[in-house]
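Reading through the structure tokens given below for one structure.
The values are calculated or read from the model by the stated rules, or taken from the named source; none is laboratory data. Computed from a prediction, not measured in an experiment: that's the story for all the values here. Because the Cβ atoms are built from the backbone with ideal geometry, glycine has one as well, and the counts that use them run over all protein chains shown.
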């Protein structure tokens, strides 16, 4: 994802990478920005202005920037009624402006929670790759296909245990595993962002001084929509 808005704090879809259960790439496409990009987040996204303009994925493969709504339609059709595995999927679905049933989501950020090593906070993919798989990833710019393959490896490694856990887990545990109950500021699964004592963040403008409901930019956008 790349950043839009003030200081690039608003996440915007720039590339979609989806693999199947066996690690084969099904979709790997760049997406035309729907707003002006103010932060390419190249260190983390691997996206540069040159890539979005020319659609270059590698030396022997060129892709054009696809329309956001066409990509969203393609992705929704592909994952319909399927289990989706990934890291911090709430961010991905938010950028895609899409929804997926919670019982069909396996989020590797909850890996340690599912398997009992840490019940309180989420875990980064880089750390999981090293500790669980013995792999060093994200040494430089992130590669979304590589990240997807690592997520799938983590899931397949303990797939039976994971599914058994979901069958036997109580209601409170399932709520914590859902993408809706997690603090985007500190990673805790005990509260959501607006009640976090560590940070307060506006997801409209990126400010840490107020919430979206108190944001002047959000109010102005709402007024424009009304007219």
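Looking at region 97-118 only, could you name the residues that are touching a residue at least 12 places away in the same chain (Cβ under 8 Å), surrounded by fewer than 17 Cβ atoms within 10 Å (Cβ to Cβ) and either within 23 Å of residue 14 (Cα to Cα) or in contact with a helix residue (DSSP H, G or I) (Cβ under 6 Å, 6 or more places away or on another chain) (or both)?
Scanning region 97-118 gives 97, 98.
Out of 94, 158, 81, I need the residue that is more than 19 Å from residue 29 (Cα to Cα) and touching a residue at least 40 places away in the same chain (Cβ under 8 Å). Which one?
158
Would it be correct to say that residue 57 is in a strand (DSSP E or B) and either more than 18 Å from the chain's Cα centre (by Cα) or modelled with pLDDT of 90 or more (or both)?
yes
Here is a yes/no grid of residues against (1) on the phi > 0 side of the Ramachandran plot; (2) modelled with pLDDT of 85 or more; (3) loosely packed, with under 14 Cβ neighbours inside 10 Å; (4) not in a helix (DSSP H, G or I):
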| residue | (1), (2), (3), (4) |
| --- | --- |
| 127 | no, yes, yes, no |
| 132 | no, yes, no, no |
| 135 | no, yes, no, yes |
| 145 | no, yes, no, no |
| 149 | no, yes, no, no |
| 152 | no, yes, no, no |
| 156 | no, yes, no, no |
| 160 | no, yes, yes, no |
| 165 | no, yes, no, no |
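So residue 72 fits all but one of (1) at pLDDT below 75; (2) surrounded by 14 or more Cβ atoms within 10 Å (Cβ to Cβ); (3) not in a strand (DSSP E or B); what number is the exception?
With (1) at pLDDT below 75; (2) surrounded by 14 or more Cβ atoms within 10 Å (Cβ to Cβ); (3) not in a strand (DSSP E or B) applied to residue 72, the lone miss is (1).
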